[in-house]
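The structure appears below as C-alpha cells.
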Amino acid sequence: MRLLLDQFEKLVCAVLLLLMTLLGFANVVIRYGTNQSLAATEELLTGGFVLLTVFGAAIAARRGEHLAVELVTDMLPAPLRRAVIVIATLLSVLLLAASVWFCWQLLVNQMGNGMRSYALGLPLWWYSAALPFGFALVLIRYVQAALRGRDG
Amino acid sequence: MADIGAGGLMVGLFFLFLALRVPVAFALGLSALAAMWQLGFGLDLVGDLLSAGIAKFSLLAIPFFILAGNLMGKLGIADRMIRFFRVLVGGLPGGMGLVGTVVCLFWGAVSGSGPASVAAIGPMIVKSMEEDGYSRAFAAGLVSTGAAMSIVIPPSIGLVIYGVLAETSIADLFIAAIIPGLVCGALMLCALPFGRVRNATATKALSPNPYPGLSYGAALWRSFMDSFWGLMTPVVILGGIYSGIFTPTEAAIVASVYALAVGGLAYRTLSIRGLYECLADSAAGSSVVMLVVAYAGLFGWVVTVDDLIGQYSGALLGLSQNQWVILAVIMLVVLIAGMFMDAVTIMFICLPIFLPVMRELQWDPIWFGVLIMVNLAIGLITPPVGINLYVAANITRLPLEKVARGALPFLLTSLIGLAVIAAFPGLTRVMLP
Amino acid sequence: ETLRLSHNTGDTTTWQQGADKFAELLAAETGGEYEVRVFPNAQLSGGDQMKQAEMTGRGAIDLVLTSAINVTPLAPEMAAFSLPYLYSDYDAVDRTTAGKAGDKMEEIMAGHGIHILAWGENGFREVTNSKHPITSPEDMQGLKMRVAGPMYIDVMNDLGANPQQMQWTETFPALQQGVVDGQENPIGAVIIPQRVYEVQKYITPWHYSYDPLFLGISKAKWDGLDDETRAQFQKAADEAMAYQIEISREATAEGLEYLKEQGMEVYEPTPEDLAAFKEATQPSFDKWSEEIGADIVKLFTDEANAQ
Ligand code: NA
Ligand code: NA
C-alpha cells in the first residue's frame with residue numbers, strides 16, 4: 001500500500017506511455033500493412049498525452065525538477081533567501097490550487113453540457129476527469145518536496 | 001496610455017516571479033491569471049485553455065522522442081553510435097563538438113520539433129562532448145542550438161503553418177530552408193574553440209580511436225559493426241517518413257519501438273526494471289516541458305487578447321521608410337516574442353501584422369518565411385522561455401542559467417546566421433528551380 | 001461596447017471576410033455603439049475549434065462564427081447537414097437553412113445557449129488524391145483517406161477506402177510523402193487556401209457532403225438586448241452572411257478553373273456517377289440518420305428534395 005502511494009504517478013505514467021507507444025505503433029503497422037487503420041488513434045493518444053503531462057508533472061514536482069531561475073536568489077543573504085523561497089513556494093501552491101479549481105470547473109462544465117469527443121463520440125469529460133486530481137497531486141508532491149527542504 | 005494595461009502588468013509580474021525563484025511554468029501561469037483578472041475576461045476559460053494547450057497532436061512527438069532518447073542511452077545504443085562517430089571524424093579539429101553539430105543537423109531532417117530533438121540526441125552528444133573536454137554547459141548549449149535547426153531543416157511544422165498563412169508553396173519553403181539551416185550549423189563550428197575547458201589532446205581525455213591496437217580502417221569497421229543497429233535509426237526514420245509509411249510525429253513513436261527492439265533483440269540490454277524507470281523518467285521530462293507550454297498558452301492568450309504585439313509593432317513599423325530598418329524591426333519583434341512564447345503562437349499573432357508589410361515592400365515570401373523560421377529557432381534557445389534550454393537542463397541536470405550561458409556563443413552565431421540570410425536572399429534560392 | 005467574435009480559420013478566408021463585414025455593418029447600424037473584434041484561428045479557445053461554441057454558450061465569448069461539423073461534439077444533431085448526398089445543389093441547401101430544418105437547428109442551439117443569427121457557407125466537400133482519377137466507388141478501393149470525423153470514417157469504409165483521422169498540420173506532409181493518398185474538403189474554404197493542390201493530382205467535385213456556417217451570439221448577451229438593438233444585430237448578420245455565401249460560392253466556382261491551372265486533373269462526375277456514389281454511401285446515411293434522429297432527418301430530406 002505504501003509502495004503504491006509512493007509510486008502511484010510513476011506507475012500511471014509508465015503504463016500510460018507504454019500503451020500509447022504500442023497503440024501508435026499498431027496504427028502505423030495496420031495502416032501500412034492492411035487496408036484498415038485504427039482511425040481514432042489520434043484522439044486516444046492526445047487524451048493520453050494530457051494525463052501523462054499532469055501525472056508526469058507530479059513526478060517532476062516531487063524530484064524538484066520544475067525549472068526555476070536561481071540567479072537572483074543566489075545573490076541574497078541566507079535569511080532573506082529563505083524568506084523568498086517560502087514566498088515562491090506559496091505562490092506556486094496558489095497557482096496549482098487555482099489550476100485544480102479551474103480544471104474542476106472544466107470538468108463540471110463538460111459533464112453538464114454533454115459534449116462528446118469528435119472521433120469516438122465518448123463523453124468529453126472522460127478525458128478531463130483526471131485533470132483536477134492530477135494537478136492536486138502535483139500540488140501535494142510540490143509541497144512534500146518543499147517540506148523535505150532543498151538546499152535552501 | 002496612462003496605465004500599463006493588463007499585458008504590461010503581466011510581463012512585469014512574470015519577471016518579478018522569476019526573480020523570486022518561482023518555477024518558470026508557474027510564473028507564466030500566475031502572471032497570466034493576474035492579467036486576466038485585470039482584463040475582467042478569460043478566467044472562465046482557463047481550464048479549457050490549459051487542456052487545449054497540452055492536447056496538441058504535434059506536441060506528441062516530445063514525450064516519444066524523449067523516450068526514444070532515454071532508451072537509446074539506457075540500452076547502450078547511443079554509446080555505440082557515438083563510438084563510431086568518434087572513430088570517423090573525432091580526430092578532426094573540434095572533435096566531438098564537430099560530431100555533435102553534424103549529428104544535430106542530420107537529426108533535423110528526421111525531427112520537426114526542436115525540444116524533441118534535444119531529447120532524442122542530446123544525452124549522447126553531451127556525454128561524449130564532455131569526455132572530449134568540453135564543458136557540460138557548452139555541450140548543452142550546442143545541442144540546444146543544433147536541435148533548434150530541426151524547425152528550419154525540413155520536415156518543419158513551422159514552415160507548413162507559415163506556408164498556409166503566407167499563401168506560399170510549402171514544398172518550395174522546405175527546399176529553400178535547407179541551405180540556410182546548414183549555414184547556421186556551419187557558423188556554430190566557429191564557437192567550438194571557445195568551449196573546451198580541458199585540453200583534450202594534452203589530457204588524452206578522448207582518444208579518437210577507442211580500439212587500442214587497431215588501425216583506423218579496422219577500428220572504423222569494428223565500430224560500424226558494433227553500432228550498426230543504432231546507426232540505422234535515422235535510416236529507418238527518414239526512410240519511413242520519405243517513403244510515406246508514417247508521419248513526422250509518428251516517427252517519434254517508431255523510434256521508441258525501434259530502440260526497444262534493438263535493446264531487446266539485438267543487444268539484449270533491456271530489462272523490465274530499466275524499462276519502467278525509462279518510461280517514468282520520460283514522462284517526467286516531457287512534463288517539465290509541457291507544463292511550461294501549457295501555462296505559456298495562457299500567457300500567449302493574454303498577449304493576443306490585449307493585442308500587445310499589435311500595439312507596439314505598429315508604432316515600431318512607423319519608424320522608418322527604409323526597408324532594411326523595417327526588416328530589422330520585424331526581426332527584433334519576433335526575437336523578443338521568441339523570448340516568451342512558442343513558435344506557433346508567435347506566427348499566428350505576428351504574421352497577420354507582418355505579411356501585409358512584406359507584400360507592400362515586395363519581399364520574397366519564401367526568403368521572409370525562412371528568416372522568420374530561423375528567428376523562431378533562435379527563440380528556442382533564448383531565456384526566459386527557451387524550450388530547448390529546458391529540455392537540455394533536464395537531461396544534463398544543470399541549472400537553467402548555466403545552460404543558457406552555454407548557449408550564448410551559439411546564440412551569437414545564430415544571430416550572425418540570421419543576418420547572413422537576410423543579407424543574401426539568394427541562399428534560399430540555391431536549390432529551387 | 002466591444003464584442004469578441006471567434007472563428008476557426010485564418011484571416012484571409014471568406015470566414016474572416018464575413019466576420020469583418022458583420023463588424024462593419026453592426027457598427028454602422030448601431031451608430032458605433034457596438035464594435036466587434038474578430039479573433040481568427042480559434043485564438044480565444046487556445047486553438048481548439050470544437051470548444052468555441054460551448055464557450056459562447058456559457059457566455060465566456062460573445063459571438064462565434066463556426067461550421068456545423070465543428071459543433072457536433074456539442075450538438076450531434078448538427079451532423080444532419082453533412083449526411084452523405086443529402087443535397088443535390090445549392091437551392092436544396094438554401095431551402096433547408098431558410099425552412100423548418102434550419103428553425104429546428106436554431107432551437108437546438110438555443111438549448112445550448114447560442115442564438116443563431118444567420119447561416120453562412122463552408123461549402124460542399126470534394127475529394128482529392130494523388131493516385132488516380134475517381135470516377136466510381138471502385139476507384140476509392142484501398143485509398144488511404146484523411147478524414148475529419150466519425151461519419152466520414154463510416155462513409156469512407158462504405159466506399160472501400162481506408163480512412164485515417166489526422167490533424168490538419170500533419171496532413172500536408174502526410175499527403176506530400178504519401179502517408180495518406182487523399183483527403184476531402186471544401187474547395188473555396190480549404191483546398192485552395194491550404195494549397196492542397198501542391199500535393200494532390202486528382203480532384204472529383206462529387207458534392208458528397210455539405211457544411212454550413214452559422215453566426216451565433218451568446219444567448220445571455222442576446223436576451224439582454226432591447227428589440228431595436230436586436231433588429232440591428234439581425235440586419236447586420238443577415239447581410240454579412242448573405243455576402244459571405246456569395247463570395248464563398250464565387251470562390252468555389254472559380255476554384256476548379258484555378259485548380260486546373262495549378263495542374264490538377266478534374267473529373268466532373270455525371271449524374272449516373274453521382275447516383276452510384278449515393279447508393280454506395282446509403283448505409284452510412286441510414287446509420288447516421290438513426291443516430292441523429294429520424295424525425296430531424298425527415299425535416300431535412302423533405303426540404304432538400306422539395307421542388
Ligand atoms: Na526538421
Ligand atoms: Na525563447
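Which one of B:387, B:381, B:395 is at pLDDT 90 or above and under 17 Å from residue B:150 (Cβ atoms)?
On the way: B:387 fails: at pLDDT 90 or above; B:395 fails: at pLDDT 90 or above.
Sole residue among the options that is at pLDDT 90 or above and under 17 Å from residue B:150 (Cβ atoms): B:381.
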Query raised in the report: Do we have any residue at all in region C:164-171 that's crowded, with 22+ Cβ neighbours inside 10 Å, at pLDDT 95 or above and among the aliphatic types (A, V, I, L, M)?
Result: no
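Would you call residue A:29 of a type in the set (Val, Ile, Thr), part of a helix (DSSP H, G or I) and more than 19 Å from the chain's Cα centre (by Cα)? Walk me through it before giving the result.
Working: of a type in the set (Val, Ile, Thr): yes; part of a helix (DSSP H, G or I): yes; more than 19 Å from the chain's Cα centre (by Cα): yes.
Here the answer is yes, as residue A:29 does meet what is asked.
Out of region C:186-239, which residues are in a strand (DSSP E or B) and under 20 Å from residue C:25 (Cα atoms)?
Taking region C:186-239 and keeping what is in a strand (DSSP E or B), we get C:186, C:202-218.
Within region C:186-239, C:213, C:214, C:215, C:216, C:217, C:218 qualify.
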Requested in this report: Please tell me if residue A:89 is under 30 Å from residue C:167 (Cα atoms) and polar (S, T, N, Q).
Outcome: no
Requested in this report: Kindly indicate which of B:336, B:309, B:330, B:353 is within 14 Å of ligand 2 (Cβ to nearest atom) and either away from chain A (no Cβ under 14 Å) or in a helix (DSSP H, G or I) (or both).
Outcome: B:336
Query raised in the report: Is at least one residue of region B:418-428 within 16 Å of ligand 2 (Cβ to nearest atom), closer than 27 Å to residue B:66 by Cα and in contact (Cβ under 8 Å) with a residue 24 or more places away in the chain?
Result: no
Query raised in the report: Name the pairs whose Cβ atoms lie under 7 Å apart, with the first residue in region B:291-318 and of a type in the set (D, E, K, R), the second part of a helix (DSSP H, G or I), and 6 or more positions between them or separate chains?
Result: B:306/B:5; B:306/B:6; B:306/B:7; B:306/B:39
Query - region B:127-152, subset more than 12 Å from ligand 1 (Cβ to nearest atom), crowded, with 24+ Cβ neighbours inside 10 Å and not in a helix (DSSP H, G or I), residue farthest from the other protein chains (Cβ to nearest Cβ) - result: B:132
Query - Test for residue B:186: is it more than 16 Å from ligand 2 (Cβ to nearest atom), free of Cβ contacts under 8 Å to residues at least 12 places away in the same chain, more than 15 Å from the chain's Cα centre (by Cα) and more than 28 Å from residue B:94 (Cα to Cα) - result: no
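Condition first: in contact with a Ser or Thr (Cβ under 6 Å, 6 or more places away or on another chain), assigned to a helix (DSSP H, G or I), more than 11 Å from every other protein chain (Cβ to nearest Cβ) and more than 10 Å from ligand 2 (Cβ to nearest atom). Can you find one or more residues in region B:390-399 that meet it?
There is no residue in region B:390-399 that is in contact with a Ser or Thr (Cβ under 6 Å, 6 or more places away or on another chain), assigned to a helix (DSSP H, G or I), more than 11 Å from every other protein chain (Cβ to nearest Cβ) and more than 10 Å from ligand 2 (Cβ to nearest atom).
Being more than 28 Å from residue B:181 (Cβ to Cβ) and either of a type in the set (Val, Ile, Thr) or within 13 Å of another protein chain (Cβ to nearest Cβ) (or both), is that true of even one residue in region B:54-65? Break it down into steps so the answer makes sense when it comes.
Kept after step one, since they are more than 28 Å from residue B:181 (Cβ to Cβ), are these residues of region B:54-65: B:54-55.
Filter once more, so that each one left must be either of a type in the set (Val, Ile, Thr) or within 13 Å of another protein chain (Cβ to nearest Cβ) (or both): B:54-55.
Yes - at least one qualifying residue is present in region B:54-65.
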Query raised in the report: Any chance region A:68-86 includes a residue that's at pLDDT below 90, among the polar types (S, T, N, Q), under 26 Å from residue C:168 (Cα atoms) and part of a helix (DSSP H, G or I)?
Result: no
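Just one of B:394, B:388 is crowded, with 24+ Cβ neighbours inside 10 Å, more than 27 Å from residue B:315 (Cβ to Cβ) and within 16 Å of ligand 1 (Cβ to nearest atom); which is it? First the steps, then the outcome.
Numbers: B:394 fails: within 16 Å of ligand 1 (Cβ to nearest atom).
Selected residue: B:388, the only one of B:394, B:388 that is crowded, with 24+ Cβ neighbours inside 10 Å, more than 27 Å from residue B:315 (Cβ to Cβ) and within 16 Å of ligand 1 (Cβ to nearest atom).
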**Report entry** Residue that is within 30 Å of the chain's Cα centre (by Cα), outside any loop (DSSP other than H, G, I, E, B) and at pLDDT 80 or above, where the choices are B:244, B:217, B:263
**Finding:** B:263
Report summary line: Over region B:74-126, the set of residues aliphatic (A, V, I, L, M) and within 16 Å of ligand 1 (Cβ to nearest atom) is B:102, B:103, B:105, B:109, B:110, B:116, B:118, B:119, B:120, B:121
**Report entry** From B:317, B:275, B:238, B:270, residue being within 13 Å of chain C (Cβ to nearest Cβ) and surrounded by fewer than 24 Cβ atoms within 10 Å (Cβ to Cβ)
**Finding:** B:238
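Is it the case that residue B:90 is closer than 30 Å to residue B:256 by Cα and more than 10 Å from chain A (Cβ to nearest Cβ)?
Values: closer than 30 Å to residue B:256 by Cα: yes; more than 10 Å from chain A (Cβ to nearest Cβ): yes.
Criteria met by residue B:90.
The values are calculated or read from the model by the stated rules, or taken from the named source; none is laboratory data. Keep in mind the model is a prediction, meaning the values are calculated, not measured. In this analysis, Cβ positions are derived from the backbone assuming ideal geometry, glycine residues included, and neighbour counts consider all displayed protein chains.
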